[in-house]
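The structure appears right after this line, and notes come after that.
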Amino acid sequence: MKEQGKVLGVQFLGERVQKVERQETYFLVTGEKETFQAKAVILAIGSQRRHLGLPKEQELTGRGVHYCVTCDGPIFSGKTVAMVGGGDSSMKGVNFLAEYAQKIYFIVRGKEIVAEPINFGQMKKLGDKVEVLLETEVQEIIGDTILEKIVLSKEYKGSRELILDGMFVEIGYDPDQTFVQQLGLQTDEAGYTKVDNMMRTNIPGIFSAGDSTNHFGRFKQDITAAALGAVAATSAYEYNQVTQ
């Protein structure tokens, strides 16, 4: 896709945009090195996985602490891992990990797991390979260069420490709101940018696509993000034609 874009004259810049400002007839887009003027801007900034906010979490990310089961689950073949969550996504993550891990601890903060019955039933078939720890939280992550163990909010089999090879965190997402606040874009109660069927925001000339929007609610997949991007690109093109 990138090569196709280059053939069509698209310029790819490895910069992070710092600011988007609305002027009278254009938008001023400020990057780390350059500033651009644009009649239309497409925000495809996605969302970020929520973290536990614990010390050493960032340092040990990719070294035992992980957030993508499909990406990193296979490296824990025959290992002992934990899944922190409680919703349907984390439940599906547990079922996926079961193909590789020897033992899985499902750490759930609430009193019950909220998941689709079919996924719950699939987990039940795994038997004692999966142990569910309800009303339990991770309070500390221990390890110098790699994850060694975690500390739980309450005892499990006489100890609050749980020795692990890996831990996956699946507790939801938060949309990036940097440009939302700068531009005054309308959002839903969860912070996702409101768009119409053509990916138009409440600000003329600003379009939004992908996981940062509320178009498909909580359903987030590569295929839906790509579809919304195609719609946003078409809308931006048409907007430019009209405002020339």
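Averaging Cα coordinates gives a centre for the stretch 176-233 and one for the stretch 110-165; these two points are 34 Å apart. Taking 0.36 nm per residue of sequence separation and removing the Cα-Cα distance, the residue 4/residue 222 pair yields an extension gain of 76.6 nm.
Loop-located trypsin sites (Lys or Arg not before Pro) in the stretch 144-202 (DSSP state other than H, G, I, E, B) with a sparse environment of at most 10 neighbouring Cβ atoms within 10 Å: 157. Put simply, the amide H of residue 106, placed in the peptide plane, has neighbours under 5 Å in 83, 131, 132, 133, leaving out anything fewer than 5 places away on its chain. Taken as entire DSSP H runs, the helices of the chain that both span 30 Å or more between Cα atoms along their own long axis and average 0.0 or more on the Kyte-Doolittle scale are 222-243. Seen from residue 39, the other residues with C-beta closer than 13 Å to its C-beta sum to a net charge of -1, counting Lys and Arg as +1 and Asp and Glu as -1.
Measuring spread by the Cα atoms of the stretch 51-169 yields a radius of gyration and Dmax of 13.1, 39 Å. The order of 123, 198, going from fewest to most other C-beta atoms within 10 Å of their C-beta, is 198, 123. Taking every DSSP bridge with both residues inside the stretch 51-169, close to 30 percent are antiparallel.
With percent of Cα pairs over 30 Å apart in mind, check (1) 24; (2) 41; (3) 58 and report the label derived from this structure. Answer label, from the structure shown: (2).
Who wins for biggest fluctuation among 185, 13, 126 in a Gaussian network model of the chain, springs between alpha carbons below 10 Å? Maximum fluctuation in the GNM of the chain, among the listed residues, is at 13. Count neighbours as other Cβ atoms within 10 Å of each site's Cβ, and list the chymotrypsin sites (Phe, Trp or Tyr not before Pro) in the stretch 1-101 that are DSSP loop with at most 14 such neighbours. Hits after loop and neighbour filter: 12. What the Cβ-Cβ distance of residue 68 and residue 240 gives, at R0 = 45 Å and to the nearest 0.05, is a FRET efficiency of 0.80. Which of these, 82, 225, 190, has the largest mean-square fluctuation under a Gaussian network model of the chain (Cα springs below 10 Å)? Comparing 82, 225, 190 in a Gaussian network model of the chain, the most mobile one is 190.
At most 12 other Cβ atoms within 10 Å and a DSSP loop assignment: could you name the GluC sites (Glu not before Pro) in the stretch 89-198 that fit?
Working: sites: 99, 112, 131, 135, 137, 140, 148, 155, 161, 170, 189; in loops: 99, 112, 135, 137, 148, 170, 189.
Passing sites in the stretch 89-198 are 99, 112, 135, 189.
Electrostatic bookkeeping for residue 56 treats Lys and Arg as +1 and Asp and Glu as -1; over the other residues with beta carbon under 11 Å from its beta carbon, the sum is -4. Amide H contacts for residue 65 (H built 1.01 Å from N in the peptide plane; partners 5 or more residues away or on another chain; cut-off under 5 Å): 147, 167.
Could you work out [θ]222 nm for the chain from helices alone, using -39500 (n - 2.57) per DSSP H run of at least four and dividing by all its residues? Round to the nearest 500 deg cm²/dmol. Numbers along the way, then the final one.
On the way: 6 runs with 56 residues, N = 244.
When only DSSP H runs of four or more count, the value is -6500 deg cm²/dmol.
Taking a Cβ cut-off of under 9 Å around residue 190, the surrounding Lys, Arg, Asp and Glu residues balance to a net charge of -2, with basic ones at +1 and acidic ones at -1.
Bear in mind that the values in this text are calculations on the coordinates, not laboratory data. Because the structure is a prediction, the values reported are computed rather than measured. Note that we place each Cβ from the backbone using ideal geometry, even for glycine, and neighbour counts take in every protein chain shown.
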